[in-house]
1. What number of residues within the stretch 103-113 are of a type outside the set (S, T, N, Q) and surrounded by fewer than 21 Cβ atoms within 10 Å (Cβ to Cβ)?
2. Mind listing whichever residues of the stretch 10-37 are in contact with a Cys (Cβ under 7 Å, 6 or more places away or on another chain) and crowded, with 24+ Cβ neighbours inside 10 Å?
3. Quick one: count up the residues across the stretch 4-50 that are under 20 Å from the mean Cα position of the chain (by Cα), of a type in the set (Gly, Ala, Ser) and modelled with pLDDT of 90 or more.
4. Name the strands (runs of 3 or more DSSP E) wholly within the stretch 37-150 that hold at least 2 residues that are in contact with a strand residue (DSSP E or B) (Cβ under 6 Å, 6 or more places away or on another chain), closer than 30 Å to Glu390 by Cα and not acidic (Asp, Glu)?
5. For the structure I just gave you, tell me whether Leu62 is surrounded by fewer than 20 Cβ atoms within 10 Å (Cβ to Cβ), touching a helix residue (DSSP H, G or I) at 6+ places or on another chain (Cβ under 7 Å) and either at pLDDT 95 or above or under 18 Å from Arg328 (Cβ atoms) (or both).
6. Which members of the stretch 254-267 meet the condition of being in contact (Cβ under 8 Å) with a residue 40 or more places away in the chain and over 28 Å from the mean Cα position of the chain (by Cα)?
7. Can you find, within the stretch 435-455, the residue that is surrounded by the fewest Cβ atoms within 10 Å (Cβ to Cβ) among those that are in a loop (DSSP other than H, G, I, E, B) and over 34 Å from the mean Cα position of the chain (by Cα)?
8. Condition first: over 26 Å from the mean Cα position of the chain (by Cα) and closer than 23 Å to Thr91 by Cβ. Now tell me which residues in the stretch 385-426 satisfy that.
Amino acid sequence: MDQNNTVTLIGAGLTGSLLAIYLSRKGYDVNIFERRPDMRKEKISAGKSINLALSSRGLRALREVGLEDVIMENAIPMKGRVIHALDKSLTFQPYGRTKEQVINSVSRRLLNSVLMDNVEKLDKDKVKINFKRKCIGISFKDSLLRFEDSATSEIITVNTDGPIIGTDGSASVIRNEMINIPGFNLNQYFLDHGYKELTIPPGENNSFQIEKYGLHIWPRKQFMLIALPNPDGSFTCTLFNPFKGINSFSYLDSEEKVEKYFLKEFPDVIDLIPNLTKEFFTNPTGHLVTVKCFPWHVSDKALLIGDAAHAIVPFYGQGINAGFEDCRIFNGLLNNEEVSWEKLFIEYEHLRKPNTDAIADLAIDNFFEMRDKVADPKFLIKKKVEKLLEKKYSNFLSTYSRVTFNSDIQYSEAKRKGEIQDKILEEECYKVNNAEDIDLNSVIQKINKLMKNNG
């Protein structure tokens, strides 16, 4: 590795804090600059408001740094989707092929705080988080960073001796500075839907007012509501709605309209959210963006990791899992002491880019699935057939299982094989009215043949 032993991270969020732990364990000095105050000491937003769905890829990275157990103590396992129909009927769709295959609802603030605590348990002379330092510019040529002190508005210039890694999220300042470099390509795709957070409070004695161990979905074609459980008995609800049109965020501009909308579309929810209109007009409306860019590095000077390189929409529950997997893969490459930073950056981005593109595409596909299809009879038949195939054939995995429960399978491979399977399953399920009418042996033979023909 190049002689310099200091790495500068921009952003002490989830990915930045985990990466700092990995780097410190490999013997690097780490200097972290974070634009926000210390969330453990001041009441501030922890970032995106959507709860985290932690699964095998994220847990694998936490396990490597010894933090899986402490995080799981405060996580709630979600065994499947609980679908709420307009008539208030419920349908349960399990996630995995076994009871152990669950996804875990975790507080973003809690996870970030635990990671920061463990960063500060490291050698204070070698690892430091500088809070209230908003990055406002970078000179890649001179390795100079400019910051604004958010408390005093003072402008601070920092000369870095080693590589700079941007872990500053979907609105990355480091990435935006790369736009000025010839050959850098950036694509940002905003959904025409936004999101707003609401809360179902705990019931009596901190009881859960709806099923605790499920991810609740109210699919309504052009919009949907989801709810994830919290340890205190509450649920973090997120309304995904168009920005414009009937029943859109722009249309819902009065308490009366909001109440009528919820009463009509979510009749089993409205009584569970006592502060509905107050939260609706107080809480901000967030945007949903997919970011794809390339290259992720500038010579041996800088690199993007996590959402800074590949922000995705939250509909596959893989955002934080992909970011943590980034850190694990990068850490694995650090084992080769002969490679230069630039060669390491190139190797890393060529390993990760096809996979982060794949999960970005899968996340957008899953948005339309969750919104439009989870209550569709043919879709339910297809899901049931997938479960029957997983139960009968050990070599069959759904795309969701490959992505969520099998961290050894790359995202790109999960997507490729899933597209092959879906082609057969959609053809076969279209012909029947019940999953039991499907000839499973015939279906698995067709899938295996198509898989073989497609490598």
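The values are calculated or read from the model by the stated rules, or taken from the named source; none is laboratory data. What you see is a predicted model; the values in this text were computed from it and never measured. All Cβ positions, even for glycine, are placed from backbone atoms using ideal geometry, and neighbour counts span all protein chains on display.
1. Residues in the stretch 103-113 being of a type outside the set (S, T, N, Q) and surrounded by fewer than 21 Cβ atoms within 10 Å (Cβ to Cβ): 3 in total.
2. Those that are in contact with a Cys (Cβ under 7 Å, 6 or more places away or on another chain) and crowded, with 24+ Cβ neighbours inside 10 Å: Ile10, Thr15, Leu18, Leu19, Phe33.
3. 6
4. Passing ranges, in order: 52-54, 76-78, 80-84, 90-94, 103-106.
5. No: the conditions fail for Leu62.
6. Scanning the stretch 254-267 gives a single hit, Pro267.
7. Asp439
8. Val385, Leu388, Leu389, Lys391, Lys392, Leu425, Glu426
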